[in-house]
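In what follows, a structure is listed as C-alpha cells, so that the remarks can point back to it.
The values are calculated or read from the model by the stated rules, or taken from the named source; none is laboratory data. From a predicted model like this one, the values you see are computed outputs, not experimental measurements. Here the Cβ positions follow ideal geometry from the backbone for every residue, glycine too, while neighbour counts run over all protein chains shown.
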Amino acid sequence: MATMPQLPDPGTHPGEGGVPALLDEVHAGVDRLLEAIARDERTAGRALRADVAEVERLARRVDSARLRLVARADSVRVAERTGHTDTGAWLAQTTNGDRRPASRDVRLAAALNAPTAPAPGDPTAGEGDGLLSLLTPPPEPELAQTAAALDDGRISAEHARVITSAMAELPEGLGTEARRQCETELLRLATSHAPAVLRRHARRVLETVEPDEDVVDAHEESLLADEEAHAVDAAAFWIKDNSDGTMTGHFTVPWASGIILKKVIDAMTAPRRRATSGGAVGTAPSDLAALTGDARVDQLDWQHRRGLALADLLARIPTDHLSTKIAATLLVTTRLEDLRGQLTRAGRTDAGDHLDAGTTRRMACAAGIIPLVLDGASQPLDLGRQRRLHTEAQRLALTTRYDQCAADGCDRPFAWCEIHHLDPWAQGGSTDVDDAAPLCGRHHRMLHGPDWQHTTTRRQDRSVSIRFYRRT
C-alpha cells in the first residue's frame, strides 16, 4: 500500500542551509533594511522611486517563494492529513487569512506548476509503461516562463493570475509552440502594464499566432459573453439598517451596469461642475450644501460627496417606469453588422473596456447606451438616434396590452420590463406600439444571446407571446 509523503514538522530545521535557516537569514536582512530606512534621510524623488521599485521586486520574489511552498503543500495533499477540507482552508488557517484569497492563491500556485500536456502520439501520454514512467523526467511546467518572471520579480502575482487565466482560455487544439508565443507576448505586456490593462490585452493575445482577425474577434466575443454570463450569476445586493439614521449596503452587478452608476456619480461630483438652472438637484456644490445644511461643502471629502450624490440619486429614481431611461450615457463603438447581429465583434466602451455583442445589442434597445455605429471604413454613421426609443406615451399604451413580460410563462411585472423592438430597429424596424413588446431583463438577454431561438405569436388583442427554445 502506497504511503503518503510526510512533511517535516514546522518547528524542525533540517540541516544548515535548509529553508528554515534561509528564512531566518531573510528575516535578519529585512530587519537591517528597516533600520537602514529609518536612518535614511534622502528626499530625492529618483532615489525613493528606485528604492520602492526594488522593495516591490523583493516582495514579488517572496510571493513567488510562498506560492511554490503552497504548490508543494497542495501536491502532497497536506490538507488531508490535517482535517481541512482543501488546501485553501489549510492555507487560510496557516496564515490567519481569508478563505477566498487563499483559495485563489492555491489555484495560481497549481497553474504555475502544471506540467505541459503531452503532444498526441507522445509515448509518455497516458499511463504508459511503469519503467518508462520512472526513467522519463517530469515535463517542464507549461507556464515556466511566467513562473520564472515571478521568481525574478519582473511581474506580480496579479500579473501571473491574469496570464494563467488567459492561457487557460486559449482555444483547444492550439499547438505547444503557439501557446508558448502567446505566453511570451503576455509577459512582454505584463512588464509595462497594470494587471487590469493586461486583462484587456489578454483577450486578444490570440492575434500573436492567428492571422485571421475574424477568428480573433470570435474568440474575444466568446470570452466576453462568458464573462457577462458569470457576472449575471454573481449579481447580489444587501442592505442593513445601522439604527443610527444610516444604512449600509453592498452590491455586485455586471460591469456595464456598474459603470453606468459610476459615471452618474462621477458626473454629479465632478470638481469642475457648475450649477445650472436645468441641472438636477444634488449635482452641484450648492445642492450638496442644501442637502447637508453645511455651507462648508467644499471641505467635504471625496467619498462623502459621492455618498451624498448617491443618496440624492436614489431619492429621485422614478418608481413607475424604472426601465424607461437610464441616467447615464455609455458610448459603445461597434460596427453596423455587429449591431444587426450579422457579426460578433465586441463593442468598445468609452469607459475603456469591452462589451460582448449580445449585451451591446440588448442594451441598445434602451436609453442606457447610445451606440456609435461605424461602417466598414470606420466612419461614424450615427451617434445614436433618440427616435429609436419608445416614448412615455407608447409605454403607457402598452400597459393596456401587457401587465407582465411578453415571454411565454414569465410573470415579471411590466414595470420591470424593457421595451423590445420586435423588428430590429437597426434592420429597418419602426418605433411603433405594434412593433414593441415588454421583456424582463432575463428574457431580453436570452433574446439577444447566442444560445436561444424564439417564435413570436400575435394575439387578437394585438399583444404578442414570445416562446424561447434552446439552440441545438
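Out of curiosity, is Leu170 in a helix (DSSP H, G or I) and more than 30 Å from Gly441 (Cβ to Cβ)? Give the derivation first.
Details: in a helix (DSSP H, G or I): no; more than 30 Å from Gly441 (Cβ to Cβ): yes.
Taking the combined requirement at face value, the residue does not satisfy it.
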Go through (1) modelled with pLDDT under 95; (2) under 22 Å from Asp105 (Cα atoms) for Pro138 and report which single condition fails.
(2)
All-but-one check, Gly153 against (1) closer than 28 Å to Ala225 by Cα; (2) modelled with pLDDT of 95 or more, failing number (1)
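So, in the range 219-245, of the ones that are of a type in the set (S, T, N, Q) and loosely packed, with under 10 Cβ neighbours inside 10 Å, which residue ends up modelled with the highest pLDDT? Reasoning before the result, please.
Going through the range 219-245, the residues of a type in the set (S, T, N, Q) turn out to be 222, 242-243.
If we keep only those that are loosely packed, with under 10 Cβ neighbours inside 10 Å as well, we get 242-243.
On the way: Asn242: 88, Ser243: 85.
My answer is Asn242.
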Can you work out which of the residues in the range 135-177 that are under 19 Å from Ser192 (Cα atoms) and among the charged types (D, E, K, R) is surrounded by the most Cβ atoms within 10 Å (Cβ to Cβ)?
Arg161
Every residue from the range 179-197 that is at pLDDT below 95, among the hydrophobic types (A, V, I, L, M, F, W, C) and surrounded by 14 or more Cβ atoms within 10 Å (Cβ to Cβ):
Val197
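Within the range 198-207, is even one residue within 20 Å of Gly441 (Cβ to Cβ), β-branched (Val, Ile, Thr) and either surrounded by 14 or more Cβ atoms within 10 Å (Cβ to Cβ) or under 21 Å from the mean Cα position of the chain (by Cα) (or both)?
In the first step, residues of the range 198-207 are kept if they are within 20 Å of Gly441 (Cβ to Cβ); the result is none.
Looking for residues that are within 20 Å of Gly441 (Cβ to Cβ), β-branched (Val, Ile, Thr) and either surrounded by 14 or more Cβ atoms within 10 Å (Cβ to Cβ) or under 21 Å from the mean Cα position of the chain (by Cα) (or both), one finds none in the range 198-207, hence no.
Tell me the helices (runs of 4 or more DSSP H) entirely within the range 37-119 that contain at least 3 residues that are charged (D, E, K, R).
Details: elements: 45-75, 78-82, 87-95, 99-113.
Qualifying helices (runs of 4 or more DSSP H): 45-75, 99-113.
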If the Cβ limit is 7 Å and pairs must be 6+ apart or interchain, which residue in the range 239-259 that is under 20 Å from Arg362 (Cβ atoms) pairs with which residue that is hydroxyl-bearing (Ser, Thr, Tyr)?
Ala256/Thr359
Are any residues in the range 246-261 assigned to a helix (DSSP H, G or I), at pLDDT 85 or above and not small (Gly, Ala, Ser), and if so, which ones?
Trp255, Leu261
